[in-house]
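Trainee: I am attaching a structure below and will ask some questions about it afterwards.
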Amino acid sequence: MFYNLDLWLVILIMLMILAAASYIGKLSGRFHRRLKDTDEDSTNFAPTTILGLMALVLGFTFSMSVTHYENRRNLVIQEANAIGTAYLRADLLPQAAKEKVKSLLKQYVDLRIEFNNFKADQKSIDELKMKTRMVQSDIWNTLMPLTEKYRDPIMALSVNAMNTVFDSESERTSAMEHRIPELVYILLYLIGAIGVGSLGYLEGLRGNKSLFNIFALSVLFSLVIGLIMDIDRPRRGLIKTDQQAMIQLKESL
């Protein structure tokens with residue numbers, strides 16, 4: 001649900017939710033202030049506790065998103081190294097197979113770079129995955145006849161290198177689709193709304209007319225949650241996985 005929405009729209013929705021919660025809280029605080037049936041000191045504990053919980057969950061979620069980002073970046077380097085090794089070991093193959101495998105690996109690198117640049121259009125992503133599988137199949141079909149003809153350690157090195165390339169692709173594809181569960185974001189929204197709502201209630205109870213401090217806090221909360229979502233959305237976000245290792249590999253082939 002959240003993954004398919006534009007980042008700025010998500011931030012705006014979050015800000016509107018927090019603003020509405022603070023306003024409702026303030027109205028409720030004013031109502032109880034007129035009734036004079038609530039002790040102001042007893043209400044100070046709730047906002048502090050809730051916002052402390054919010055900070056804890058935000059820190060935990062931010063740590064998760066950064067871990068996912070680092071994992072995706074490391075997998076790009078790992079895959080680039082695997083392809084580079086396979087490209088070098090292709091020199092051990094007979095001439096005709098060597099040229100074909102190297103040409104296919106160059107196409108493969110282009111597809112892997114394109115994989116990261118695709119937007120969250122599932123149809124286009126599926127088509128790209130299909131092209132990747134086809135190139136993998138062509139490489140494998142080129143090697144298989146040679147394994148029957150040349151049963152030696154040199155051929156085994158080339159086959160193992162290709163296996164590593166294919167395994168790296170699977171790991172990286174899985175990492176791109178592995179994101180923070182949406183339930184965590186819903187929990188963040190819920191805690192944030194209750195937190196600023198309790199602050200608004202306290203301000204209304206005190207008779208304060210300004211909600212500027214609460215609004216500033218709401219903006220900060222929304223931006224931090226937006227940053228977490230941006231890091232966790234490698235295809236749609238502003239912060240994208242570094243492709244430098246794969247680009248350098250393409251230039252060196």
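Trainee: If you count, for each residue, the other Cβ atoms within 10 Å and average over each peptide, how do 235-241, 22-28 line up from highest to lowest? Provide the component values of the computation, followed by the final result.
Mentor: Working: 235-241: 16.0, 22-28: 19.7.
Output ranking for 235-241, 22-28: 22-28, 235-241.
Trainee: Hey, another quick one. Could you count how many Lys pairs in the range 56-194 have their Cα atoms under 30 Å apart, skipping same-chain pairs fewer than 8 positions apart?
Mentor: Counting lysine pairs in the range 56-194 gives 22.
Trainee: When every alpha-carbon pair in the range 83-149 is counted, what percent end up more than 20 Å apart? Mind showing how you got there, number by number?
Mentor: Working: 749 of 2211 pairs.
The share of Cα pairs beyond 20 Å in the range 83-149 comes to 34 percent.
Trainee: Also, I was wondering about something else. Tell me the accessible surface of Leu253 in square angstrom (1.4 angstrom probe, heavy atoms of protein chains only), to the nearest ten.
Mentor: My reading of the accessible area for Leu253 is about 50 Å².
Trainee: Please work out how much accessible surface Leu12 shows to a 1.4 Å probe, ignoring ligands, DNA and RNA, in Å² rounded to 10.
Mentor: Accessible area, nearest 10 Å²: 90 Å².
Trainee: Here is a further query. Within a Cβ distance under 15 Å of Ile214, other residues only, what is the Lys/Arg minus Asp/Glu net charge?
Mentor: On the way: positive: Lys26, Arg30, Arg206, Lys209; negative: Glu203.
Taking every Cβ under 15 Å from that of Ile214, the sum is +3.
Trainee: Keeping the other protein chains in place, figure out the carbon and sulfur percent of the accessible area of the chain, with a 1.4 Å probe.
Mentor: Numbers: 8330 of 13500 Å².
Looking at the chain in its full context, I get 62 percent from C and S.
Trainee: Hey, what's the range 80-142 come to in accessible area per residue, 1.4 Å probe, Å²? Please report the intermediate quantities before stating the final value.
Mentor: Numbers: 3250 Å² over 63 residues.
Counting only protein heavy atoms, the per-residue value for the range 80-142 is 52 Å².
Trainee: Cα centroid distance between the range 14-31 and the range 209-253, in Å?
Mentor: If you average the Cα positions of each part, the centres end up 27 Å apart.
Trainee: So what is the calculated 222 nm ellipticity per residue for the chain, using -39500 (n - 2.57) for each DSSP H run with n of 4 or more, over all residues, to the nearest 500 deg cm²/dmol? Before the final figure, lay out the partial values.
Mentor: Numbers: 9 runs with 208 residues, N = 253.
Using -39500 (n - 2.57) per qualifying helix, the result is -29000 deg cm²/dmol.
Trainee: How would you order 173-180, 150-157, 101-108 from highest to lowest mean count of nearby Cβ atoms within 10 Å?
Mentor: Working: 173-180: 15.2, 150-157: 11.9, 101-108: 18.2.
Most protected by this proxy first, the peptides run 101-108, 173-180, 150-157.
Trainee: Over the alpha-carbon set of the range 76-118, divide Rg by the Kirkwood Rh and report the Rg/Rh ratio to two decimals. Could you put the intermediate results ahead of the total?
Mentor: Working: Rg = 11.3 Å, Rh = 10.9 Å.
With Rh from the inverse mean 1/r over Cα pairs, Rg/Rh is 1.04.
Trainee: At q = 0.14, 0.19, 0.20, 0.22 Å⁻¹, what base-10 log of I(q)/I(0) does the Debye formula yield for the range 168-253 when every alpha carbon is treated as an equal point scatterer in vacuo?
Mentor: One equal scatterer on each Cα of the range 168-253 leads to -0.68, -0.94, -0.99, -1.09.
Trainee: Would you list Arg112, Arg206 from the most to the least accessible area, probe 1.4 Å? Don't jump to the answer; show the numbers that get you there.
Mentor: Numbers: Arg112 0, Arg206 95 Å².
Correct descending sequence by accessible area is Arg206, Arg112.
Trainee: Under a Cβ-Cβ cut-off of 13 Å, what is the net charge of the residues other than Thr67 that fall near it, where Lys and Arg count +1 and Asp and Glu count -1? Please report the intermediate quantities before stating the final value.
Mentor: On the way: positive: Arg72, Arg73, Arg179; negative: Glu70, Asp232.
Net of charged neighbours comes to +1.
Trainee: Still on this structure, I have one more. Taking N as the number of residues in the chain, what is its Cα Rg relative to 2.2 N^0.38 Å? Don't jump to the answer; show the numbers that get you there.
Mentor: Numbers: Rg = 26.8 Å, N = 253, 2.2 N^0.38 = 18.0 Å.
After normalising by residue count via 2.2 N^0.38 Å, the value is 1.49.
The values are calculated or read from the model by the stated rules, or taken from the named source; none is laboratory data. Note that the structure is predicted; figures quoted are calculated from it, not measured. Cβ: placed from backbone, ideal geometry, glycine included. Neighbour counts: every protein chain shown. Calculation scope for accessible area: heavy atoms of the full protein, side chains included, ligands and nucleic acids excluded. Shrake-Rupley method; radii C 1.70, N 1.55, O 1.52, S 1.80 Å.
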